[in-house]
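Below: one structure, written as structure tokens.
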Amino acid sequence: MRSQIVAGNWKMNNDLAQTEALITELKKQVKTSDAEVMIAPTFTNLYNAFEALRLDDIEVIAQNMHYASNGAYTGEINAGMLKSVGVNTVILGHSERRAYFNETDDLLAKKVNAALENDIRIIFCFGEELDDRKGDRHFDIIEGQIKNALFHLSEANWTNLVLAYEPVWAIGTGETASPEQAQEMHAFIRETVEEKYNRGLAQNVSILYGGSVKPGNAKEIFSKPDVDGGLIGGAALDAENFYAIVNAF
Ligand code: PGA
């Protein structure tokens, strides 16, 4: 059985005081769904967030990591550092990392390997640009992004992988893929994984949708059979909105 997951990607928002304030609000919320709940504060606040949520049902995850185990990489953070502050899951391949920090499929494959070697679960993001969709290339783009970064992995590795389809044109824009567009792509992703591996593995991998998920549209998107949850940006910065999404299953 695959898990339902709602993960809040805080991006470069919230200093320490704001992080603590939002966590206080999150702790007041009541979960009525079975979804696993995760939040991804910025690196500097991971440890405080982990400590503050030690006894709660919210996992603290990271937004990124470097592939090397250590060394002369000024400004970077490795898998061991994340684990040492209680982080066991990392978001990799977010479109903002791809667009602003030149993260390529090859680089992402290295990061994926490093995370898995350290027993860190990955939420692996990918998505097409608006031009790709308009040009009807979106299925090819998605297939390429998945194959290039993930298809060297063993079947066993996939137990630590969650996929997140995030069409770039829907991120932070207020425009969402329609529930039908999300379902169509998620079904395609599952088929692509099944063709490379097998049906059991493909059925067990959670595939999240990301891109302007809000309390008002989450229920319809999550009701689609191949959508197993969401990666939430803007709406994750407000505890009530975030939990309205968590409880939208
Ligand atoms: P958004 O961001 O919900 O603000 O569109 C989603 C994401 O980037 O993961």
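A short reminder: the numbers here are calculations on the coordinates, not readings from a lab. Predicted, not measured: the structure shown is a model, and the values here were computed from it. So basically every Cβ, Gly included, is an ideal-geometry build from the backbone, and we count neighbours across all protein chains shown.
Numbers for the structure displayed
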read-out: The stretch 28-181 shape via C-alpha gyration tensor axes, a/c threshold 1.5; value: oblate
read-out: Built amide H within the under 5 Å cut-off of N78, gap 5+; value: H66
read-out: Label point distance in nm, T159-Y73, each placed 7 Å from Cα along Cα→Cβ; value: 2.6 nm
read-out: Distance violations [Cα-Cα > 27 Å] among K196/K224; K11/K83; K111/K214; K110/K219; value: K111/K214; K110/K219
read-out: Contour excess over end-to-end distance, with Cα ends at E175 and K83 and 0.36 nm allotted per residue; value: 29.6 nm
read-out: GNM top mover of S206, S154, S223 - the chain, alpha-carbon springs below 10 Å; value: S154
read-out: Span-like helix ranges in the chain, DSSP H, alpha carbon extent 15 angstrom or more, Kyte mean at least -1.0; value: 16-28, 105-117, 138-150
read-out: Cβ-derived FRET efficiency at R0 41 Å, R199 paired with A17, nearest 0.05; value: 0.25
